[in-house]
Number of protein chains: 2
Amino acid sequence: MAKTGFIGLGIMGKPMAKNLIKAGYDLIVYDVAEQPLKEVADAGAQAAGSIAEVAQNADVIVTMLPNSPHVKEVVLGGGGVLENAKEGTIIVDMSSISPVATKEIAAECAKKSVVMLDAPVSGGEPKAIEGTLAIMAGGDEAAFKKVEKMLHCMGSSAILVGEVGSGNVTKLANQIIVAANIAGMSEAMVLASKSGVDPEKVYNAIRGGLAGSTVLDAKMPLVLEGNFKPGFRIELHIKDLQNVLDAAGVTQCEVPITSEIIGMMKELREDGKGQDDHGGLIQYYEKKSGVQCRKK
Amino acid sequence: MAKTGFIGLGIMGKPMAKNLIKAGYDLIVYDVAEQPLKEVADAGAQAAGSIAEVAQNADVIVTMLPNSPHVKEVVLGGGGVLENAKEGTIIVDMSSISPVATKEIAAECAKKSVVMLDAPVSGGEPKAIEGTLAIMAGGDEAAFKKVEKMLHCMGSSAILVGEVGSGNVTKLANQIIVAANIAGMSEAMVLASKSGVDPEKVYNAIRGGLAGSTVLDAKMPLVLEGNFKPGFRIELHIKDLQNVLDAAGVTQCEVPITSEIIGMMKELREDGKGQDDHGGLIQYYEKKSGVQCRKK
C-alpha cells in the first residue's frame, strides 16, 4: 500500500503530520531542516532523504509551506514532486498562498495527470496541535472525497468551497475581514482613549451590540493588558494581505482597506514589531496619537 | 411635581417618549413638526407650544435631535432650553452628535447651573419601540443616578462611561467598528465573487472562526438577498463618521479607516443610495469590480 507524503514540518506542519501518524497513516515526510524531520520520524514516520523520495513513494502528498514561491519550487522545481510523482497522485497543498499561484501550479500538475487541491487552514498552532483546524478546500470533488477523511484528522471542519484556488480565496477573504475588524477596533479604541474615555468601559458598553465580534472579544482583553505575544504574527498577516493584493491585481478588484492596513503593518514591522500578534496593530494607532490603551 | 420634558419626536424620539408615558412619566413634549407632536399628545403627553414652555415646566429634559447644530440651537439658542430652564435642571441629550459639541454645550449649561448629560443610543427604531436600546452615557454621576431609572424605560442597558461627552465618544467608537466590519466583509466577499468563489460558501466557511462578527451574521444574509432596506441608513452613518472626523481633528487622532469608508459612503450617496441600509456599502465594491454578491 502506498504511503502518504508530508512535506514541510514547520510550526504548523509538524503537529499536523503527527496527528496523521496518530490516526494510523503510514507517513513519509521531508523537511529541509533536520530537527523537525527527526522529531516526526521519532513519532513514527519514515524520514525521506529528498522531495523526490516522498513523491516516488506516496499517492497522496500534503504540502505545508511558507508561501507561493516555496510551493512552486517544491512542486514544479527540478527534483520536485511533479517530476517524480506517479500519474493520479493527489497533492493537497495546505499552505496559505496566493490563489493565483495555486491555479498556475495546479494547471502544470494537470498536464501530467496529477491532481492538486488547495486546502489552507485557519486556527494557528494550538489548533494544529489539537487537530481542530478549519480547513477551506478548493479543487476536484472526487479528489477531495478521497482525502476528506485524512483532512478530518487535522481539522474539525473541512469544506470544499469551489474549484482549485477557492480554498486560498476563502482564506484571504477571512484574513481581510480579520484585519479590518482589528483595524476598526484599534481606530475606535485609540480615539476613545485620546478623548479621555476608558477603552475598557467602551469595550464593555459596545461588545453586546452590532460592534460585537470574535476579534473584539479575542483581542481587546489582550490590548488592555498590553499583551501582544503571538498568536498570529503581524509578519504572517502581511504575507496574507500581500497575497490579497496579488489576487486583487489579477482579478481587478479594489481593496482599499487591505491596502491601508498592510501599510500600517509594514510600518510596525519596520519598528521591529513584526513578531507581535496581529492584535498589536493597535500600536500603530497608539504611536500616531501618542496614547496607550493598556490599563495603567 | 415637575414634569419631564422631551424635545425631538422623530423616528427615534417618538417611540422613546411613548415608552416614558407608558412607564408613568408626566411628559411635556415639543417638536417642530405637528404630526408627531399630536400623536405623542394623544398617547398622554402635554404638547407644548415652544421649547421655552418645555424648559419652564420640567426639571429633566430629554433631547433627541438629528445632529450637533440642532442640539446647539435647541439648548443654547434664543428662546431655547438654557434661557428658560431653572437652576438644577438636568438635560439628557440622547442625540448622536459630536462629543466636541457636547462638551461645548455642557460647558455653557454649567455656567447657569444646568447639568447636561450625553446619552446617545444604539439599536435603531425597532429597539426604540421595544424600549431595548443600548444607552451610553457621559457626565456627572449624581445627575446620572437621578435619571437612570428613566433611561431604563427606554433602554435595556444604560451605562455611565465617563465625563460628559463620553457617551458620544463611545457611540462613535461603536460606529467606527461597525463601519470597518461592514467594509471588511464587503471587500472580502467582492474579492471572492470576482475570483469565481460563491460568497455564500465563503460566509459559511469562515463565520465560525476569527472573522465571525455580529455584522457578518446580521448583514451577509441580506447582501446575499440583495436586500438593502434600512435598518440604519448610509446617510446616518456618514453623519456619525463625520463626527468621528470632527473628534479626531480636535484630539489629533489618525482615523484612516474612517476616512476611507466615509469616502465610499459619500460616493454611494451621490449614486442615490444614501437611504439604503449601511450593509449596502458592498454596492460600492460591486460597482468598482463589476460583480454582484447576491444569489442569482
Residue of chain B whose Cβ sits closest to the axis mapping B onto A, with distance in whole Å: B:213, 2
Radius of gyration, Dmax [segment A:31-180; alpha carbons; angstrom]: 14.8, 44
Shielding by partners - mean other protein chain Cβ count within 10 Å, residues of B:258-268: 2
Ranked packing of A:118-125, A:170-177, A:218-225, most packed first, by mean Cβ within 10 Å: A:170-177, A:118-125, A:218-225
Segment A:175-282: chymotrypsin sites (Phe, Trp or Tyr not before Pro) falling in loop per DSSP and having at most 13 other Cβ within 10 Å: none
Summed residue charge, Cβ within 13 Å of residue A:284's Cβ, Lys/Arg positive, Asp/Glu negative: -3
Rounded if a/c under 1.5, otherwise prolate or oblate - segment A:98-154, Cα gyration tensor axes: oblate
In sequence order, calculated HN-Hα J values of segment B:238-247 (Karplus, 6.51, -1.76, 1.60; Hz; x Gly/Pro): 4, 4, 5, 5, 5, 5, 4, 4, 4, 5
Where segment B:13-112 is the region considered: accessible area per residue in Å², 1.4 Å probe: 41 Å²
Where labels lie 7 Å past Cα in the beta-carbon direction, separation of residue B:145 and residue A:11 in nm: 5.1 nm
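Run through every distinct alpha carbon pair of segment A:64-130 and return the Kirkwood hydrodynamic radius in angstroms, one decimal place.
Its Kirkwood hydrodynamic radius stands at 12.3 Å.
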Relative contact order %, chain B, counting alpha carbon pairs below 8 Å whose residues are six or more apart: 14 percent
Chains B and A together, accessible area buried on both sides, 1.4 angstrom probe, square angstrom: 4900 Å²
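With all protein chains present, how much of the accessible area of the protein assembly as shown (probe radius 1.4 Å) comes from carbon and sulfur, to the nearest whole percent? Intermediate results must be reported in sequence, preceding the final value.
Values: 11200 of 22300 Å².
Answer for the protein assembly as shown: carbon and sulfur cover 50 percent of the accessible area.
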Spatial extent of segment B:193-296: Rg and Dmax, with the Cα atoms as the point set, Å: 15.0, 47
Average other protein chain Cβ within 10 Å of Cβ, residues B:198-208: 6
Within straight-line cross-link reach of residue B:14, lysines at Cα separation under 16 Å, skipping those fewer than 8 residues along the same chain: B:22, B:38, B:127
Convex hull per residue volume in Å³, alpha carbons only, for the protein assembly as shown: 152 Å³
Amide proton proximity set for residue B:114, modelled H, under 5 Å, gap of 5+: B:88
Cross-link reach list, lysines versus residue A:288, counting only Cα pairs under 27 Å and skipping chain neighbours closer than eight places: A:194, A:201, A:219, A:229, A:239, A:266, A:273, A:296, B:103, B:171, B:239, B:266
Residue-wise HN-Hα coupling along segment B:268-285, computed from phi with Karplus coefficients 6.51, -1.76, 1.60 (Hz; x: Gly, Pro): 4, 4, 4, 7, x, 10, x, 8, 6, 4, 5, x, x, 3, 4, 5, 4, 5
Cα-centred dipole magnitude for segment B:211-296, charges only on beta-carbon of K, R (+1) and D, E (-1), debye, nearest 20: 400 debye
Positive-end residue of A:129, B:96, A:81, charge dipole of the protein assembly as shown with Cβ unit charges: A:129
Spin-label model distance (nm) - residue B:108 vs residue A:269, 7 Å beyond Cα toward Cβ: 5.1 nm
Chain B, helix-only ellipticity at 222 nm - DSSP H runs n ≥ 4, -39,500 (n - 2.57), divided by all residues, nearest 500: -16500 deg cm²/dmol
Descending semi-axes in whole angstrom, ellipsoid equivalent of segment A:224-285, from the Cα gyration tensor: 24, 11, 9
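Around residue B:227, with a cut-off of 12 angstrom between Cβ atoms, what is the net charge of the other residues, counting Lys and Arg +1 and Asp and Glu -1?
+1
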Cα-derived Rg over Rh, computed across segment B:120-182 with Rh taken as Kirkwood radius: 1.01
10 Å Cβ neighbours from other chains, averaged over peptide A:236-249: 1
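The values are calculated or read from the model by the stated rules, or taken from the named source; none is laboratory data. A quick note: this is a predicted structure, and the numbers were derived from the prediction, not measured. Cβ atoms come from the backbone with ideal geometry, glycine included; neighbour counts cover every protein chain shown. The area values use the complete protein model at the heavy-atom level, side chains included, leaving out ligands, DNA and RNA. Shrake-Rupley method; radii C 1.70, N 1.55, O 1.52, S 1.80 Å.
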